[in-house]
Amino acid sequence: MKNHGTGGAEKVIYQICKDDQSDRHFVASCGGFYVPLLAAQGVKHFEIPDTVVKSPANILRTLMTLRRVVKEEKIDIVHSHHRLGAVYGRLLQMQFRNLKHLYTAHNVFLDSQKMMAFALEKATIVACGKTVAQNLEEVYHIAPEKITVIHNSIEKPVVSGTVPQALLTAKASGRYLIGSIGRLTEQKGMDIFIRALQEVSQVHSEVLGVIVGDGEKRAELEKLVADLGLTQQVLFLGNQTVVPAILQELEFVVLASRFEGFPLTPLEVFASEKTLIVSDIPSNLEIVHAGVEGLSFRSEDSQDLAQKILTMMQVDREKMAVCGAKAYAQEFSYTKFILAYQAQYQKISGGKVK
């Protein structure tokens, strides 16, 4: 069960459905980008109300839909990827005695301890990274032995499709392209990236910040760009289906997140044999070791980010890219990721097909 969108959790769900051939999968969500892709894989989709809207009517409709799906499709395991989804999983277990519940935690939180204690009472728990596992232990008091860490992963990107002409035109004119990829939300820190570009552009006017993604903060970020006089230094590309091709045109990437669970952007960068600068929050530093696969800057500090951008423009980025590609292949293998979830399904179902 998931909310709509094209974030990391949604991508993880799609990948498991597509490449775990040992099990049958069904997805319940409020729709979005991956629904037609799931259909192309033969995965049946059931629409439920948006989990963001927590009205009693929506909760009841969702629960009734899920109850029908579990009964009609003879579901063995409910796999939730959202905290409210985990609540539904527990409620369904109260109605279906033999139903198993697997919950994957994709982010760090500080609230709703009582709700999560109820939701996870009889769940098998997976954390998408060590930082998320630590959050579950320290905030939600879950014993370490009850948590399995399965690092999120992605397939090696296939470079295809047509790169936006605005990007090609900028590169042909001699612009130096630095990208930031993600949803335009407070979490992703695109405003920090923009403010850093203001300082960098005073030294290197040829630098162009390329922002790939869309979201609730877009208008606010566009206003910030205009207010800072950076309309010639920032290019908004919106959501793109050709991100691997775009990555090939960039010099490097910046991930300025304020918080993360286990971000996929570094893995996409590593798999594309590129490098990046990340904020020094724990989840980012699980993946990027400063000075090895990339650089890090002090979270929220646009001045420090500006200095790290200037440094990255001078260092041996190819060496960092090689280290990143090695980390992707050895530590964050996509095959390992799929096999780990297959093993979880088999373990909690007693070998039954889901």
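The values are calculated or read from the model by the stated rules, or taken from the named source; none is laboratory data. Fair warning: this is a prediction, and the values are worked out from it, not measured in the lab. Positions of Cβ are generated from backbone atoms using ideal geometry, with glycine treated the same way; all protein chains shown enter the neighbour counts. Side chains are part of the model used for accessible areas, which takes the heavy atoms of the whole protein and leaves out ligands, DNA and RNA. Shrake-Rupley method; radii C 1.70, N 1.55, O 1.52, S 1.80 Å.
Would you compute, from DSSP H runs of 4+ residues alone, the mean residue ellipticity of the chain at 222 nm, taking -39500 (n - 2.57) per run and dividing by the full residue count, rounded to the nearest 500? Show your work: numbers first, answer last.
On the way: 15 runs with 157 residues, N = 354.
Calculated mean residue ellipticity at 222 nm is -13000 deg cm²/dmol.
Return a whole-number percent for the relative contact order of region 118-220, with Cα pairs under 8 Å and 6 or more residues apart as the contact set.
Details: 82 pairs, mean separation 24.0, N = 103.
With pairs under 8 Å counted, the relative contact order is 23 percent.
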Open item on the list: Take Ala290 and Glu47, extend 7 Å from each Cα along the Cα→Cβ direction, and tell me the distance between the two endpoints in nm.
Closed with: 4.8 nm
Task: Within a Gaussian network of the chain (alpha carbon springs, distance under 10 Å), most fluctuating of Lys336, Lys217, Lys71 - done: Lys71
Task: For the chain, built as a Gaussian network whose Cα springs stay under 10 Å, the top-fluctuating residue of Leu102, Leu177, Leu37 - done: Leu37
Open item on the list: Could you report region 313-354's accessible area per residue, 1.4 Å probe, as an integer in Å²?
Closed with: 57 Å²
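If we count every other residue with Cβ under 12 angstrom of Ser296's Cβ, Lys/Arg +1 and Asp/Glu -1, where does the sum land? Could the numbers behind the result be given before it?
Details: positive: Arg298, Lys308; negative: Asp280, Glu286, Glu293, Asp301, Asp304.
Around Ser296, the surrounding residues sum to -3.
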Task: Max mean-square fluctuation residue, GNM over the chain, Cα-Cα springs under 10 Å, options Pro282, Pro49, Pro164 - done: Pro164
TODO: Please get the size of the charge dipole for the chain, origin at its Cα centre, with Cβ charges of +1 on Lys and Arg and -1 on Asp and Glu, quoted in debye to the nearest 20.
DONE: 1560 debye
Task: Positive dipole terminus of region 14-134, leading residue within Ser112, Ile125, Pro36 (C-beta point charges) - done: Ser112
Task: Debye equation applied to the C-alpha atoms of region 248-310, log10 I(q)/I(0) at 0.19, 0.21, 0.24 Å⁻¹ - done: -0.62, -0.76, -0.99
- [ ] Would you list the membrane-span-like helices of the chain, meaning whole DSSP H runs whose alpha-carbon atoms span at least 30 Å along their axis and whose mean Kyte-Doolittle value is at least 1.6?
- [x] none
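Charges at C-beta only: +1 for Lys and Arg, -1 for Asp and Glu. How large is the resulting dipole of region 135-256 about its Cα centre, in Debye rounded to 20?
Working: 10 positive and 15 negative charges, 65 e Å.
Here region 135-256 has a charge dipole of around 320 debye.
What is the sum of charges around Lys217, taking Lys and Arg as +1, Asp and Glu as -1, for the other residues whose C-beta is under 9 Å from the C-beta of Lys217?
Details: positive: Arg183, Lys188, Arg218; negative: Glu186, Asp191, Glu216, Glu220.
Once all neighbours under 9 Å are counted, the net charge is -1.
Please state the shape class of the chain: rounded when a/c is under 1.5, otherwise prolate if a/b exceeds b/c and oblate if not, all from the C-alpha gyration tensor.
Working: a/c = 1.91, a/b = 1.84, b/c = 1.04.
Note, shape of the chain comes out prolate.
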TODO: Between Glu121 and Glu300, take the C-beta separation as r, use R0 = 51 Å, and let me know the FRET efficiency to the nearest 0.05.
DONE: 0.90
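Counting other C-beta atoms within 10 Å, and keeping those with at most 15, which DSSP coil GluC sites (Glu not before Pro) do you find in region 1-101?
Working: sites: Glu10, Glu47, Glu72, Glu73; in loops: Glu73.
Answer by residue number: Glu73.
Between Lys319 and Lys146, what is the FRET efficiency for a Förster distance of 45 Å, r being their Cβ-Cβ separation, to the nearest 0.05? Before the final figure, lay out each step's value.
Values: r = 40 Å, r/R0 = 0.90.
About 0.65, to the nearest 0.05.
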Task: Counted charge near Leu168, where neighbours are those whose Cβ lies closer than 14 Å (Asp, Glu -1; Lys, Arg +1) - done: +1
Task: Spin-label zone in region 5-34 - amide nitrogen under 18 Å from a point set 7 Å from the Cα of Arg68 along the C-beta vector - done: 26-31
Task: Most positive-pole-ward Cα, Gly174, Val242, Gln232, against dipole of region 174-259 from beta carbon charges - done: Val242
Open item on the list: Which GluC sites (Glu not before Pro) in region 168-248 sit in a loop by DSSP (not H, G, I, E or B) and have at most 16 other Cβ atoms within 10 Å of their own Cβ?
Closed with: Glu186, Glu206, Glu216
